[in-house]
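Down below is the structure, laid out as structure tokens.
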Amino acid sequence: VDESIDYEGKVLNFVDTAGLRRRGKIEGIEKFALMRTKEMLERGNIVLLVLDASETFKELDERIASLADENHLACIIVLNKWDKALEDYDTTVAELRYRFKFLSYAPVITVSALTKQRVSKIKDMILDVYTNYTQRIPTSRLNEIIKDATIKHQIPSEKSKIIKIYFATQYGTKPPRIALVMNKP
């Protein structure tokens, strides 16, 4: 299901993908739905990973979440049914960060679709995440950051050879990609 909305002068296009199940249980039209889901992930920019806060996280949730990581997409973790959550915020987020280590960069928002609690904040979060996902950092700024980082934390030497970073440059966005030019790769 596709839906577009205008928000803050931008068009947000939402695609609700079909629910995914384990491979052995996929039958008939579900194969088509799975192919369409993978196609949408290849074309998308941000994944809203909606998890049920009223249940424990499942292995299938992790597999679905890994699709966002595999496709190098920005991600927002939406904990739905927060009004019926099993644990408090800190415990739930700690479990989430442990189980979904590969999405450590993803912000978390708690919502309740039933009571509409914090649902309106998702759109603002989407715009913030998209800004970060598409940003271009000037080479001079990157080099300042690398210089400061190497002053605070010395780069380990390799076989008594000092490793030097000559410069850093960003060569791509969606997600931002940064190359370091060094004496020892």
Report summary line: Once phi for every residue in the range 178-185 is put through the Karplus expression 6.51 cos²θ - 1.76 cosθ + 1.60 (θ = phi - 60°), the whole-Hz ³J(HN,Hα) values, with Gly and Pro written as x, are 10, 10, 10, 9, 10, 7, 10, x
Query - the range 131-185: trypsin sites (Lys or Arg not before Pro) in DSSP loop, at most 16 other beta carbons within 10 Å - result: Arg136, Lys159, Lys164
Report summary line: CD proxy, 222 nm, the chain: helix-only mean residue ellipticity via -39,500 (n - 2.57) per DSSP H run with n ≥ 4, per residue, nearest 500, stands at -11500 deg cm²/dmol
Query - Using θ = phi - 60° and Karplus 6.51 cos²θ - 1.76 cosθ + 1.60, couplings along the range 98-105 (whole Hz; Gly, Pro as x) - result: 5, 6, 10, 4, 5, 10, 4, 7
Report task. List every residue whose amide H lies under 5 Å from the amide H of Val50, counting only residues 5 or more places away in sequence or on a different chain, with H placed 1.01 Å from N in the peptide plane. Result -> Val78
Query raised in the report: From the cross-link list Lys116/Lys174; Lys10/Lys121; Lys101/Lys174, which pairs have alpha carbons spaced over 23 Å apart?
Result: Lys116/Lys174
Report summary line: Rounded to whole Å, √(5λ) for the Cα gyration tensor eigenvalues of the chain, largest first, gives 35, 20, 19
Report summary line: To the nearest 20 debye, the chain has a Cα-centred charge dipole, built from +1 on Lys and Arg Cβ and -1 on Asp and Glu Cβ, of 880 debye
Report task. Mind grabbing the accessible area of Ile122 for me, 1.4 Å probe, Å², rounded to tens? Result -> 30 Å²
Query - Environment charge at Arg136 (Cβ cut-off 12 Å; Lys +1, Arg +1, Asp -1, Glu -1) - result: +3
Query raised in the report: For the range 108-185, what ratio Rg/Rh do Cα atoms give with a Kirkwood hydrodynamic radius?
Result: 1.23
Report summary line: Scalar couplings 3J(HN,Hα) for the range 145-154 by Karplus 6.51 cos²θ - 1.76 cosθ + 1.60 (θ = phi - 60°), nearest whole Hz, x for Gly and Pro, are 5, 4, 4, 4, 5, 6, 6, 6, 9, 4
Query raised in the report: In percent, how large is the relative contact order of the range 28-168, given Cα pairs closer than 8 Å and 6 or more residues apart?
Result: 20 percent
Report summary line: Checking Thr56, Thr37, Thr150 against a Gaussian network model of the chain (alpha-carbon springs below 10 Å), the top fluctuating residue turns out to be Thr150
Query raised in the report: Summing Lys, Arg as +1 and Asp, Glu as -1, what charge do residues with Cβ under 13 Å from the Cβ of Thr91 carry, Thr91 excluded?
Result: -2
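The values are calculated or read from the model by the stated rules, or taken from the named source; none is laboratory data. These numbers come from a predicted model, not from an experiment. Methodologically, a virtual Cβ is constructed for each residue, glycine included, from the backbone with ideal geometry; neighbour enumeration extends over all protein chains shown. Ligands, DNA and RNA are stripped out before the accessible areas are found, and what is left, the full protein with its side chains, is counted by its heavy atoms. Shrake-Rupley method; radii C 1.70, N 1.55, O 1.52, S 1.80 Å.
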